[in-house]
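What follows is one structure encoded as structure tokens, with my remarks underneath.
The values are calculated or read from the model by the stated rules, or taken from the named source; none is laboratory data. Given the structure is predicted, the values throughout are model-derived calculations rather than measurements. Note that we place each Cβ from the backbone using ideal geometry, even for glycine, and neighbour counts take in every protein chain shown. Each accessible area value is taken on the protein alone, full model and side chains, heavy atoms only, with ligands, DNA and RNA left out. Shrake-Rupley method; radii C 1.70, N 1.55, O 1.52, S 1.80 Å.
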Amino acid sequence: MKTFGHNCNVSLVGKSHLLWQPVVILTGLLGAPALRLSAQTAQPSIPAQIQQLTAAMERTQAQLKQSQQQLDEMRTQIAALQQQMAQQQGTTASTDPANPAPVAADQPQTQSAELENIRERQAMQETQIATLNQIKVESESKYPVKITGLLLFNGFVNTSAADVAATPTVAVPGSGSTGASVRQTMLGIDATGPHLFGARSHADLLVDFYGNVIAPNTTAPVGTYSSSDSFLRLKTAHAGLQWENTEAGFSYDRPIISPDSPTSLTAVAVPALAWSGNLWAWNPQLTLTHNIPFADSHSLQLQAAMIDVGDPPISLAGLDSYAATPPSGAEQSRWPGLEARIALLGSNRDDRDHFGVGGYFSPHVLPSGNRFDAWAGTLDTRFHLPARLQFSGSFYRGLGLGGLGAGGYKDYGYFYVTSQEMYYFRPLNDVGGWVQLKEKWSERLEFNTAFGMDNVFADDLHRYAMPSGTVYQRLARNHTWTGNVIYSPSAYLLFSLEYRHLESDPIRGASSSSNIIGLSAGYKF
């Protein structure tokens with residue numbers, strides 16, 4: 001019995017040594033600190049240690065299995081690449097004129113398609129390499145600068161007279177005209193700057209060659225729409241800082257309460273439906289925009305801006321001023337104009353649907369010294385419809401909107417009493433807007449049709465419309481119908497055919513109308 005008991009104890013001791021050996025090895029791998037910690041604490045039970053060892057081994061096996069799967073995938077990819085390289089080498093050898101190879105009768109037709117794809121890829125790579133080898137525009141700041149532009153040719157036929165033959169906005173009595181112009185050509189510069197305060201800095205500038213257009217009021221060419229001796233004209237400009245959901249900067253552009261414009265390739269120097277419901281006038285602005293994302297990429301957009309509104313063409317600002325460039329009515333008030341807009345944006349970031357509500361307020365001082373407050377309330381929208389259709393539009397109601405491109409070229413009506421040697425003024429109420437229906441037939445072809453109207457209140461204008469005044473002083477309502485087709489055979493070529501009907505109604509006298517047929521060809525670079 002003693003012998004049996006002694007042999008049993010020896011057997012147990014041997015098995016315990018074999019059982020503890022993996023635990024000691026695993027503890028050694030975990031490091032000396034773990035050994036010191038285990039020596040200071042109470043020794044765990046054998047079943048707990050066995051469970052820990054089993055879990056560690058399962059984790060190790062899972063990692064080994066994952067690594068093996070990754071190695072198998074890499075082997076498969078390498079084999080596929082080697083096979084593709086061998087096929088390409090064989091195709092190149094078979095097309096070598098020095099070593100012609102016979103073509104098998106049962107060769108698959110897919111080889112010719114693959115060969116064509118290879119040739120296209122090679123041509124694309126050669127083009128990209130040539131582009132990279134070109135001399136790039138370098139700025140003093142060493143940050144990227146890109147030059148863009150549109151070389152635009154416009155031909156036009158006007159059945160009756162219009163204010164400006166190449167870019168008509170108002171029909172006037174008289175005979176028609178025919179001609180061509182390239183002065184709507186545009187040149188732009190886009191620049192990307194350093195990151196400041198966690199934001200990306202950017203700037204862009206756009207000019208055209210429409211700078212010496214004669215203003216309607218040739219006796220007092222002041223403000224935004226004045227004529228200039230320079231052939232080059234500043235069109236728009238932007239600079240700012242852009243964070244993920246916020247953007248701050250300054251600009252020379254259309255008001256933020258009117259973000260959209262009808263599509264046209266014949267009306268570029270003066271946007272489509274200008275003075276017919278489109279608040280388009282370019283003015284200096286300080287802007288702040290913040291987007292609040294919600295619900296699957298939709299967002300709520302909040303915008304605010306300070307704006308320095310210029311005088312419209314019909315203006316007597318600076319009547320008693322001896323300054324070479326008298327201040328505008330808004331500048332004489334010594335207070336900036338304010339804009340605000342809130343809009344609901346859709347999920348498509350490339351061409352986002354939206355619905356916005358805006359407001360505008362700007363103090364003005366009349367040449368007589370009296371003050372009035374220009375204001376406007378606006379609605380704007382754009383949304384996609386079935387059958388590749390898109391609807392967009394903008395609407396406004398306000399007072400003294402000539403500085404934004406409405407009000408029939410004027411903020412106020414006026415007349416001069418000779419006996420009293422005094423001017424009398426009245427700010428003009430105004431209402432208008434435009435709508436457009438676009439059909440994007442394909443990426444290269446689109447159709448657009450639009451209607452716009454600007455309407456000055458007759459009660460405001462009636463007493464201040466002088467019979468001897470210009471057509472702009474007497475203009476009470478101006479509306480335009482337009483339709484065009486734009487074809488782009490490539491990313492750099494544009495062609496368009498457009499029909500436009502203008503109808504202008506003075507407060508006194510017969511209305512005038514004109515039909516305009518425009519043909520445009522453009523090259524983008």
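The figures follow:
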read-out: Per-region count, segment 440-452, residues surrounded by fewer than 18 Cβ atoms within 10 Å (Cβ to Cβ) and not in a loop (DSSP other than H, G, I, E, B); value: 4
read-out: Count of segment 167-202 residues which are among the hydroxyl-bearing types (Ser, Thr, Tyr), in a strand (DSSP E or B) and touching a residue at least 40 places away in the same chain (Cβ under 8 Å); value: 2
read-out: Within segment 173-208, considering residues that are polar (S, T, N, Q) and open to solvent by 70 Å² or more (accessible area, probe 1.4 Å), the one farthest from GLU140 (Cα to Cα); value: SER175
read-out: Pair list, Cβ < 9 Å and 6+ apart or interchain, from segment 68-93 residues that are over 13 Å from GLU114 (Cβ atoms) to residues that are at pLDDT below 80; value: ALA93/ASN99; ALA93/ALA101
read-out: Positions within segment 231-261 being among the hydrophobic types (A, V, I, L, M, F, W, C), outside any loop (DSSP other than H, G, I, E, B) and either touching a His at 6+ places or on another chain (Cβ under 6 Å) or at pLDDT 95 or above (or both), in sequence order; value: ALA237, ALA239, LEU241, ALA248, PHE250
read-out: Residue among LEU279, LEU273, LEU265 that alone is surrounded by 22 or more Cβ atoms within 10 Å (Cβ to Cβ), on the phi > 0 side of the Ramachandran plot and touching a Ser or Thr at 6+ places or on another chain (Cβ under 6 Å); value: LEU273
read-out: Members of segment 229-262 found to be surrounded by fewer than 21 Cβ atoms within 10 Å (Cβ to Cβ), closer than 24 Å to THR480 by Cβ and polar (S, T, N, Q), listed by number; value: THR236, SER261
read-out: Test: residue in segment 457-475 that is within 32 Å of the chain's Cα centre (by Cα) and either at pLDDT below 95 or among the hydrophobic types (A, V, I, L, M, F, W, C) (or both); value: no
read-out: Elements of type strands (runs of 3 or more DSSP E) in segment 338-439, at least 3 residues being open to solvent by 10 Å² or more (accessible area, probe 1.4 Å) and farther than 17 Å from GLN303 by Cα; value: 371-385, 389-399, 412-417, 422-427
read-out: Matching option when the condition is touching a residue at least 24 places away in the same chain (Cβ under 8 Å) and loosely packed, with under 15 Cβ neighbours inside 10 Å, among PRO506, PRO467; value: PRO467
read-out: Scan of segment 270-296 for residues that are among the polar types (S, T, N, Q) and in a strand (DSSP E or B), ordered by number; value: ASN278, ASN283, GLN285, THR287, THR289, ASN291
read-out: Residue check for LEU265: part of a loop (DSSP other than H, G, I, E, B), among the hydrophobic types (A, V, I, L, M, F, W, C), in contact (Cβ under 8 Å) with a residue 60 or more places away in the chain and over 28 Å from MET186 (Cα atoms); value: no
read-out: Given (1) buried (at least 23 other Cβ atoms within 10 Å of the Cβ); (2) within 30 Å of PRO386 (Cα to Cα), number of the condition HIS479 does not satisfy; value: (1)
read-out: Answer from PRO100, PRO108 - the residue that is within 49 Å of the chain's Cα centre (by Cα), in a loop (DSSP other than H, G, I, E, B), farther than 30 Å from ILE147 by Cα and modelled with pLDDT under 70; value: PRO108
